[in-house]
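A.B. asks: A single structure is presented below for examination.
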Amino acid sequence: MQPWQDIATAHAPDTTLLELRRRGDEYLIRAGGHDLMSSRDASSSRALAELGCAHLSQTKAGRVLVGGLGMGFTAQAALATTPRCTTIDVAELVPAVAEWNQKWLADLAGSPLENSRTNLIMADVRSVIAESRERYHAILLDVDNGPDSLTHTSNKGLYDSDGIQSARLALRPGGVLAVWSFSDDPGYSRRLRSAGFNVRVERVLGSKKGRGRHHFIWMAERGDVPERSDVRRRSGAPPRTKTRPKRRTSSR
């Protein structure tokens, strides 16, 4: 077996060391000494976009947010799955990851950053979501190892109750939040439902070879806005009560 070859290194804003390695035709990105993603496990990254964008087949002028870039597989699948009038915003926090995609990894996913429909945003995807209001038809999160397996503790804010509510506000009515994860997390499903999402979890193969480990994808559709009575109770206002009209009595 060929040994791994170190190609490049960089540091995330929280000082976590990122490493790009190659062995033959396989590429690997490590974070903090842990394997983060491999080019041989691209199937589930593509499935994230295929599932998360399936409802956009007839949508005109749609907009999708991908966070983060990774090796480009999710962004490329989003381009392939959606109509040509759809814009794909890709939020990536680490400049080196974008550079690696343009230099060493470009051919792996068909150079999605060179597509005219792709808009690369060098920023934390949490900030992009927080600054958006009903902007996106779909948000695809392929950040870290998912809600239960955090390599960067700062990513926890994407998956807690506040992060979920922020994503809900950034979605258009009927929009979908699709989230990739290395493992299942029932607690995350409960938080999504509590925020008003209709939730299902898809179990997909991690490798295109059709064998080996599985990954998990949450499909969370933005549901209806809570009823006014619910909003009033949460805000501390007393619930309105219906009063029956007084029965009119005869004066005779």
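A.B. asks: Select from the stretch 125-151 the residues that are in contact (Cβ under 8 Å) with a residue 60 or more places away in the chain and in a helix (DSSP H, G or I) and write down the one among them that is surrounded by the most Cβ atoms within 10 Å (Cβ to Cβ).
C.D. replies: Result: 125.
A.B. asks: Of the residues 109, 78, which is closer than 24 Å to residue 166 by Cβ and of a type in the set (A, V, I, L, M, F, W, C)? Quick ask: steps written out before the conclusion?
C.D. replies: Values: 109 fails: closer than 24 Å to residue 166 by Cβ.
Criteria check complete, one pass: 78.
A.B. asks: Out of the residues in the stretch 1-24 that are of a type in the set (Gly, Ala, Ser) and touching an Asp or Glu at 6+ places or on another chain (Cβ under 9 Å), state the one that is farthest from residue 94 (Cα to Cα).
C.D. replies: Applying the first criterion (of a type in the set (Gly, Ala, Ser)) to the stretch 1-24 yields 8, 10, 12, 24.
Keeping just the survivors that are touching an Asp or Glu at 6+ places or on another chain (Cβ under 9 Å) gives 8, 10.
Details: 8: 13, 10: 8 Å.
Applying the filter and picking the extreme gives 8.
A.B. asks: Going by the structure shown, is residue 200 under 20 Å from residue 51 (Cα atoms), surrounded by fewer than 17 Cβ atoms within 10 Å (Cβ to Cβ), within 15 Å of the chain's Cα centre (by Cα) and among the basic types (Lys, Arg)? So that I can check it myself, show each step before the final result.
C.D. replies: Working: under 20 Å from residue 51 (Cα atoms): yes; surrounded by fewer than 17 Cβ atoms within 10 Å (Cβ to Cβ): yes; within 15 Å of the chain's Cα centre (by Cα): yes; among the basic types (Lys, Arg): yes.
Here the answer is yes, as residue 200 does meet what is asked.
A.B. asks: Among the residues of the stretch 138-147, write down those that are on the phi < 0 side of the Ramachandran plot and either at pLDDT below 95 or more than 12 Å from the chain's Cα centre (by Cα) (or both). Step through it out loud before you land on a result.
C.D. replies: Within the stretch 138-147, the subset on the phi < 0 side of the Ramachandran plot is 138-143, 145, 147.
The answer is 142, 143, 145, 147.
A.B. asks: Would you mind finding the one in 116, 154 that is part of a loop (DSSP other than H, G, I, E, B), more than 20 Å from residue 43 (Cβ to Cβ) and among the polar types (S, T, N, Q)?
C.D. replies: Exactly one of 116, 154 is part of a loop (DSSP other than H, G, I, E, B), more than 20 Å from residue 43 (Cβ to Cβ) and among the polar types (S, T, N, Q), namely 116.
A.B. asks: Which number in (1) of a type in the set (Ser, Thr, Tyr); (2) out of contact with any helix residue (DSSP H, G or I) (no Cβ under 9 Å at 6 or more places or on another chain); (3) free of Cβ contacts under 8 Å to residues at least 40 places away in the same chain; (4) farther than 16 Å from residue 101 by Cα marks the one condition that residue 59 misses?
C.D. replies: (3)
A.B. asks: Could you please find all residues in the stretch 59-96 being among the basic types (Lys, Arg) and at pLDDT below 95?
C.D. replies: 60
A.B. asks: Also, I was wondering about something else. Any residue in the stretch 179-193 that is within 17 Å of residue 221 (Cβ to Cβ) sitting within a Cβ distance under 8 Å of a residue that is among the small types (Gly, Ala, Ser) and outside any loop (DSSP other than H, G, I, E, B)? List the pairs, counting only those 6 or more apart or interchain.
C.D. replies: Short answer, once both residue conditions are applied: 179/220; 180/44; 180/45; 188/181; 191/161; 192/220.
A.B. asks: Any idea how many residues of the stretch 175-232 are in a strand (DSSP E or B), aromatic (Phe, Trp, Tyr) and either at pLDDT below 75 or within 16 Å of residue 142 (Cβ to Cβ) (or both)?
C.D. replies: So the count comes out to 3.
The values are calculated or read from the model by the stated rules, or taken from the named source; none is laboratory data. Everything numeric here is computed off the predicted structure, so don't read it as measured data. A quick note on method: Cβ atoms are made from the backbone with ideal geometry, for glycine too, and the neighbour counts reach across all protein chains shown.
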